[in-house]
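First the structure, in the form of structure tokens, and then the observations on it.
Just so you know, all these numbers are worked out from the coordinates, no wet-lab data involved. Not measured: the values here are computed from a predicted model. Neighbour counts run over all protein chains shown; Cβ positions are idealised from the backbone, glycine included.
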Amino acid sequence: MKTILLIGMPGCGKTSYGKRAARELDFEFIDSDCLIEESEGMSIADIFRISGEPYFRDLETKTLELILKETKRSKDGRGLIVSLGGGIVEREENVRIMRDTGLVILIDRDPDQIIGDVKFGDKRPLLSEPAKLWELYDRRIALYRNAAHRILKNEGDYMNTLELLMTNICLEGIAGRFAVIGDPIAHSFSPALHKAIFQKIGIADTYRAVRVKAQNLAAATTALRAGDAAGINVTIPHKFRIAAYLDDVKGDAKISGAVNTVVHKDGMLIGYNTDMEGLKQALRRHGRSYTGSNVTVLGAGGAASGIVHKAAADGAKRISILCRTPEKGAEIAASARTVFRRAENDASCPEPEIAVVECDLSVVDPGIAQGIGSVGGENASEILRYTDLLINATPLGMHGVNAKFAGVDFVNLISRDAFVCDLIYNPSETALLAAAARRNMDRCNGLEMLIFQGILADELFLGITTDRNELFAYVIDQFM
Ligand code: NAP
């Protein structure tokens with residue numbers, strides 16, 4: 001059993017955070033004071049009044065010993081979160097038992113905030129006086145810090161403290177060894193995807209979706225480094241920023257700067273990018289590759305950048321970036337050229353031409369647009385006519401996104417033999433793919449890329465190689 005012990009001053013929030021986290025993780029929750037009150041048949045205040053503090057502290061020690069015994073007995077059971085009484089740290093013996101039982105987390109809250117928020121009422125009159133509460137805090141804070149494996153500062157933002165607690169529990173591997181972090185994350189497809197992959201390869205472990213706001217990214221990587229988690233996947237908005245917190249980045253992550261997979265091994269955090277190889281594998285399933293192709297990418301964000309770099313490295317003949325912000329497109333083109341030259345590719349893989357065309361796709365259909373400015377000197381309709389691979393790397397057409405393509409008639413300019421890929425997978429058929437379907441063109445949505453990037457990430461996490469196509473067939477069957 002994996003156990004979290006929450007400590008801190010009365011009113012620091014440990015019971016309400018513990019209950020909420022337990023509910024979200026499907027862990028069991030215990031409030032040690034409630035256990036004692038139940039076993040004694042009276043309130044803590046009455047135990048103090050009738051039998052005195054030493055008697056109560058003995059009860060606390062016995063309760064802790066019971067929890068420790070239970071934790072050791074049931075090794076693989078459901079996780080447990082325990083909220084402990086504020087004075088539990090006053091006995092050295094208790095601290096030793098707590099640290100033997102599980103991960104001890106201090107929720108540290110300023111007494112002035114506690115006074116402003118918590119009504120202790122008649123049951124605990126001493127705690128209602130600010131001076132007394134400060135005195136207690138000053139006496140105990142060193143004991144709390146000494147007992148805790150981790151310290152979470154509760155600044156009064158309930159949701160943020162809860163997020164930090166969940167981050168610690170999940171990224172330290174206490175609630176499963178795998179997770180995806182991002183914001184938003186609630187509707188992530190990754191837990192279901194990895195569950196299916198784990199099922200097929202016979203891994204019994206949990207993969208969680210953990211919301212991590214940008215301000216908590218550093219805390220998230222610290223938690224990952226501290227625990228036993230095998231690794232995490234990373235999604236919007238952290239793919240670029242996370243590299244700063246890692247020990248190294250490799251392969252496509254080094255080339256594109258975007259990290260979607262972090263492997264935790266031997267205390268090191270290594271960043272990888274499996275998105276781009278995932279897309280390549282998806283294209284391969286359809287008999288397509290970048291090599292020798294005219295590739296047109298819509299958008300100039302993170303995904304587009306990865307595609308352009310990968311297509312250049314794989315010997316695309318020509319790459320065109322149709323984007324709203326041409327400066328971003330030009331930056332990607334310059335970087336892809338630099339990386340290509342640095343790689344000292346041989347003559348069999350000549351440097352691709354890379355063109356950038358300015359086009360706000362929700363305002364104009366590039367096929368009929370007039371006078372589009374082009375850094376590369378061409379307009380979009382010319383480019384579309386010789387496109388072999390068209391890849392949409394914008395969110396236009398995605399479920400929950402208001403912006404749409406102004407029109408998709410531009411698909412009619414592309415050869416029927418070309419391939420259309422939309423990185424979006426919800427809905428499964430976007431307006432762009434529907435237009436390709438009307439012309440009977442070969443096409444795919446983003447689900448295939450998503451599945452392959454997941455398989456590749458799991459290979460990295462587990463240090464194994466798999467039969468990717470067999471796994472893909474199994475997984476896609478679960479979701480179609
Ligand atoms: P991102 O970094 O936010 O980039 C989005 C790009 O779309 C930006 O360059 C943006 O232009 C451009 N864009 C938005 N509206 C536009 C418009 N009206 N006209 C022209 N360009 C427009 O996002 P990302 O991470 O690259 O992701 C892009 C898409 O790929 C998303 O739909 C995402 O869900 C999908 N994706 C799928 C997978 C998968 O596994 N299937 C993996 C990664 C991404 P500005 O630069 O001007 O803002």
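Leaving out same-chain residues fewer than 8 places away, which lysines sit with a Cα under 16 Å from that of K310?
Excluding near neighbours in sequence, the set is K250, K254, K280.
By count of other Cβ within 10 Å, fewest leading, how are L283, L84 ordered?
The most exposed by this proxy come first: L283, L84.
Could you size up the charge dipole of the range 15-109 around its Cα centre, putting +1 on the beta carbon of Lys and Arg and -1 on that of Asp and Glu, and report it in debye to the nearest 20?
340 debye
So how strong a dipole does the range 198-339 carry about its Cα centre when Lys and Arg Cβ are +1 and Asp and Glu Cβ are -1, to the nearest 20 debye?
Approximately 480 debye in magnitude.
Could you put Y272, Y474 in order, starting from the residue whose Cβ has the fewest other Cβ atoms within 10 Å?
Y474, Y272
Simple spin-label model, 7 Å along Cα-to-Cβ: A437 to E382 in nm?
Distance between label points: 3.5 nm.
Which peptide among 401-410, 161-170, 320-329 comes first, and what is the full order, when sorted by highest mean count of other Cβ atoms within 10 Å?
Output ranking for 401-410, 161-170, 320-329: 161-170, 320-329, 401-410.
Give the shape of the chain as rounded, prolate or oblate, defined through the alpha-carbon gyration tensor: a ≥ b ≥ c are the square roots of its eigenvalues, a/c under 1.5 means rounded, and otherwise the shape is prolate if a/b is larger than b/c and oblate if not.
prolate
Arranged by the count of other C-beta atoms within 10 angstrom, fewest first, what order do M441, M42 take?
With the sparsest Cβ surroundings first, the list reads M42, M441.
What length, rounded to one decimal in nm, is gained on full extension from S43 through to K153, with 0.36 nm per residue of separation minus their alpha-carbon distance?
So the extension gain works out to 36.7 nm.
Full-extension gain between I50 and D467, please, as 0.36 nm times their residue separation minus the C-alpha to C-alpha distance.
Difference between extended and current length: 143.3 nm.
Could you check what % of the DSSP bridge pairs in the range 282-445 are antiparallel, to the nearest 5?
5 percent
Which shape class, rounded, prolate or oblate, goes with the range 170-273 when its Cα gyration tensor gives a ≥ b ≥ c as root eigenvalues, a/c under 1.5 marks rounded, and past that a/b bigger than b/c marks prolate?
Because its axes are fairly even, with a/c under 1.5, the range 170-273 counts as rounded.
Once the dipole of the range 3-156 is set up with Lys and Arg at +1 and Asp and Glu at -1 on Cβ about the Cα centre, which of T71, L106, L35 lies farthest towards its positive end?
Result: T71, furthest along the dipole toward the positive end.
Can you list the aspartates and glutamates whose alpha carbon sits under 20 Å from that of K200, skipping same-chain ones fewer than 8 residues off?
Hits, sequence-local ones excluded: E448, D458, E459, D467, E470, D477.
Only bridges with both residues in the range 264-356 count here: give the DSSP antiparallel percent, nearest 5.
Around 20 percent of the beta bridges assigned by DSSP in the range 264-356 are antiparallel ones.
Just to be sure I understand the model, the point goes 7 Å from the Cα along the line to the Cβ. What's the resulting E90 to S362 distance in nm?
Modelled inter-label distance: 6.0 nm.
Take every DSSP beta bridge whose two residues both sit in the chain, then give the antiparallel share in percent to the nearest 5.
DSSP beta bridges in the chain are roughly 15 percent antiparallel.
What's the ranking of 294-306, 11-23 by average number of surrounding C-beta atoms within 10 Å, highest first?
Highest-to-lowest ranking by the protection proxy: 294-306, 11-23.
Could you give the dipole magnitude of the chain about its Cα centre, charging the beta-carbon of Lys and Arg +1 and that of Asp and Glu -1, in debye to the nearest 20?
Roughly 440 debye for the chain.
Find which of S362, G299, A311 sits farthest along the positive direction of the dipole of the chain, computed with +1 on the beta-carbon of Lys and Arg, -1 on that of Asp and Glu, about the Cα centre.
Selected residue: A311.
Using only Cα atoms and rounding to the nearest 10 degrees, what angle (0 to 90) does helix 446-462 make with the longest principal axis of the chain?
50 degrees
For V104, what residues show an amide H to amide H distance below 5 Å, using hydrogens built from the backbone and excluding near sequence neighbours?
Counting only residues 5 or more places away or on other chains, the set is L5, H149, R150.
Quick one: which residues, 5+ away or cross-chain, put their amide H under 5 Å from the amide H of R439? H built at 1.01 Å from N.
Placed amide hydrogens put nothing under 5 Å from R439.
Taking a ≥ b ≥ c as the square roots of the Cα gyration tensor eigenvalues, with a/c under 1.5 meaning rounded and otherwise prolate when a/b beats b/c, else oblate, which class fits the range 224-364?
Taking the square roots of the gyration eigenvalues as a ≥ b ≥ c, the range 224-364 is prolate.
So what's the angle, to the nearest 10 degrees on a 0 to 90 scale, between helix 92-101 and the longest Cα principal axis of the chain?
Around 30 degrees separate the two axes.
Please name which of I141, V118, G52 has its Cα lying farthest along the dipole of the range 3-156 towards the positive end, using unit charges on Cβ (Lys, Arg +1; Asp, Glu -1) and the Cα centre as origin.
Positive-most Cα among the choices belongs to I141.
Does anyone have the angle between helix 53-73 and the longest principal axis of the chain? Alpha-carbon axes, 0 to 90°, nearest 10?
That helix lies at roughly 40 degrees to the long axis.
Can you tell me which lysines have their Cα less than 22 Å from the Cα of K14? Leave out same-chain residues fewer than eight positions away.
Here the lysines satisfying the reach criterion relative to K14 are K2, K62, K119, K123, K132, K153, K213.
In nm, to one decimal, how far is the I201 label point from the K317 one, both placed 7 Å along Cα→Cβ?
Here the answer is 3.7 nm between the modelled labels.
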